[in-house]
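Notes follow once the structure below has been shown.
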Amino acid sequence: MTVRRSLRIRNEIAAEVPNTAMVMAAGLGKRMRPLTDTRPKPLVELNGKPLIDHVLDRLRTAGVSKLVVNVHYLPDQLEAHLATKADDFAITISDERSLLLETGGGLVQAAPMIDCDPFLVVNSDNFWIDGPADGLKLLASGWDDERMDALLLLVPQARAGNHRGQGDFRMDRFGRLSRRARSRIAPYVFTGIQIVSKRLLANAPDGAFSTNILWDRAIEAGRCFGLVHQGLWFDVGTPRSIKDTEAALINE
């Protein structure tokens with residue numbers, strides 16, 4: 001497929017992006033079946049390239065040099081693919097073969113392997129297009145270590161391609177986040193990209209649990225913030241959404 005991309009004028013942001021990223025790649029990819037019957041979801045292709053490679057391209061461009069990647073489903077395939085990226089990144093595998101730890105538990109297990117604080121956390125099945133500024137650099141420019149334990153990159157509902165949900169968060173004028181009220185629609189969707197401090201993981205539960213538990217504690221303490229992505233973002237969780245995203249890119 002030939003993709004036409006419009007020419008964008010980029011605003012350079014003088015921000016130091018954390019040099020280490022946790023790449024979440026251990027999920028089962030059930031919604032992506034049958035494409036994930038024989039391969040892990042991060043290796044499903046979008047526009048001729050594995051989803052995880054789109055993410056790694058963004059991380060490399062932003063200056064990230066070290067990755068911690070968790071694996072569980074069909075891990076040998078994913079590790080073999082990551083071995084081809086050794087010229088670009090120093091990669092450490094957080095092995096969840098014996099037990100899938102979910103997003104929060106995966107972060108806790110990987111934390112000792114992460115050599116910087118704060119650090120990036122990026123879902124491996126993400127696809128986004130930067131706007132006037134590099135999204136990862138924009139996120140780094142918004143980090144305030146004194147006030148924050150987590151800073152989430154959000155996208156307005158109107159720019160959340162393929163997203164069928166009711167939104168995830170509300171945000172006040174200072175950037176502090178709150179949850180969507182029951183039976184209500186929230187204006188912002190989480191992109192799967194965040195910067196977090198290891199403070200977020202303090203006194204975390206044991207075993208498998210969702211990052212939502214950590215976010216809720218940070219929200220209650222007033223230390224969970226959001227920043228709005230200036231470009232496009234696509235939910236690529238199903239085979240149909242892969243096709244729809246590829247169709248949308250033709251006109252991008």
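The numbers here are math on the coordinates, done by the rules we state, and not lab data. All figures in this text were calculated on a predicted structure; none of them were measured in a lab. Because the Cβ atoms are built from the backbone with ideal geometry, glycine has one as well, and the counts that use them run over all protein chains shown.
Quick check on region 28-137: take the gyration tensor over C-alpha atoms, sort the square-rooted eigenvalues as a ≥ b ≥ c, and tell me if it's rounded (a/c under 1.5), prolate or oblate. The shape class here is oblate. Expressed in Å, the radius of gyration and Dmax of the Cα atoms of region 100-225 are 14.4, 41. Dividing the summed -39500 (n - 2.57) terms of all DSSP H runs of n ≥ 4 by the residue count of the chain sets its mean residue ellipticity at 222 nm at -7000 deg cm²/dmol. If only the Cβ of Lys and Arg carry +1 and only the Cβ of Asp and Glu carry -1, the dipole of the chain around its Cα centre is close to 1000 debye. With Cα atoms defining each centre, region 64-122 and region 141-155 are spaced 22 Å apart in the structure.
Shown for 23, 44: other C-beta atoms within 10 Å of each C-beta, ranked fewest to most, produce the order 44, 23. Computed from the C-alpha gyration tensor, the three semi-axes of the ellipsoid equivalent to the chain are 24, 23, 19 Å, from longest to shortest. Cross-link pairs exceeding 23 Å between alpha carbons, from the set 66/137; 137/243; 49/198; 41/198; 41/243: 137/243; 49/198; 41/198. Considering only 163, 29, 211, the residue lying farthest towards the positive end of the dipole of the chain is 163, judged by Cα position with unit charges set on Cβ. In terms of surrounding Cβ atoms within a 10 Å radius of their Cβ, 69, 236 rank from fewest to most as 236, 69. Just the number, please: percent antiparallel of the DSSP beta bridges in region 20-250, rounded to the nearest 5. The antiparallel proportion sits near 50 percent.
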